[in-house]
1. Step through the residues of the stretch 113-129 one at a time and calculate ³J(HN,Hα) from phi using the Karplus curve (6.51 cos²θ - 1.76 cosθ + 1.60, θ = phi - 60°), rounding each to whole Hz and writing x for Gly and Pro.
2. Ranked highest first by average number of other Cβ atoms within 10 Å, how do 38-49, 130-141, 64-75 line up?
3. Using a Förster distance of 25 Å, how high is the FRET efficiency between residue 75 and residue 46, based on the Cβ-Cβ distance and rounded to 0.05?
4. If you average the C-alpha positions of the stretch 96-135 and of the stretch 1-55 separately, how far apart do those two centres end up, in angstrom?
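Every number in this text was worked out from the coordinates using simple rules, so none of it is lab data. If you're wondering where the values come from, they're calculated on a predicted model, not measured in any experiment. Backbone-built Cβ (ideal geometry, glycine too); neighbour counts: all protein chains shown.
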Amino acid sequence: MSSTDKAGFAQGMRDGIPIAMGYFAVAFSLGITARDCGFSPLQGFVASITTYASAGQYIGFTLYAARATIIQLIIMTIITNARYVLMGFALNQRLPENTSMGRRLITGLAITDEIFGITIARPGLTNPYYPFGAWVCAVPFWALGTALGISLGSILPARIVSALSVALFGMFLAVIIPASRKDRIVALTVAVSFAASYAAIHAPYIRELSSGNRTILLTVVISAAAAVLFPVAAEKGNADNTSKDAPIQEVDYVS
């Protein structure tokens, strides 16, 4: 690992700390569901360290309790988490052209909603070790929270468990507010996204979709509309970084 990769990895771990705190709280609530579905703390830990998807795991736990088949579990997991395909496409476009397939797979492995948010918000090209560093910091707390939720979930009052998850929403605000303050178009797009997300919950037909599929639909429609209405010219700095040996590339994706 080069010094640049080490720096990106360290920055990812640093930025992953608030995500880890939010994950622990949310996973604690998930652990209570897992316990009700018959999972042991070890089983919950393994499920979370290998899946790390709140909605996907919740559906997986409940389908397991309902004795669903493996095929049903696979299909529902794919449908629920299909939005990560779009996130993977977006991050892949931010990697330097000479990024190896192994590093691209590392980036795909590390994708969660929150890690995608902090990664895509960074300017310039993306060091694949940055999201992986955030993953290394945050996901173990997700797995630990699930295991402790199974073991100790009955001890804490439901109000406290629910209140703990507020930290994750605070992290989301920390991602979108700075970008919105710098760019009015981003602020407008964020506002439209909030309004459209709320409307989709109540709109006929659309409200029947799963939350993951609604997210995919809104992401495609709103981002496409923003791209058409407010096109962004290619930045010269990023265009220059496509050269395999360009030294500025090392600076951009760790700044």
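1. After applying 6.51 cos²θ - 1.76 cosθ + 1.60, I find 4, 6, 5, 4, x, 6, 6, 5, 7, 6, x, x, 6, 9, 7, x, 7 Hz.
2. Top of the packing list down: 130-141, 38-49, 64-75.
3. 0.70
4. The two parts, judged by their Cα centres, are 17 Å apart.
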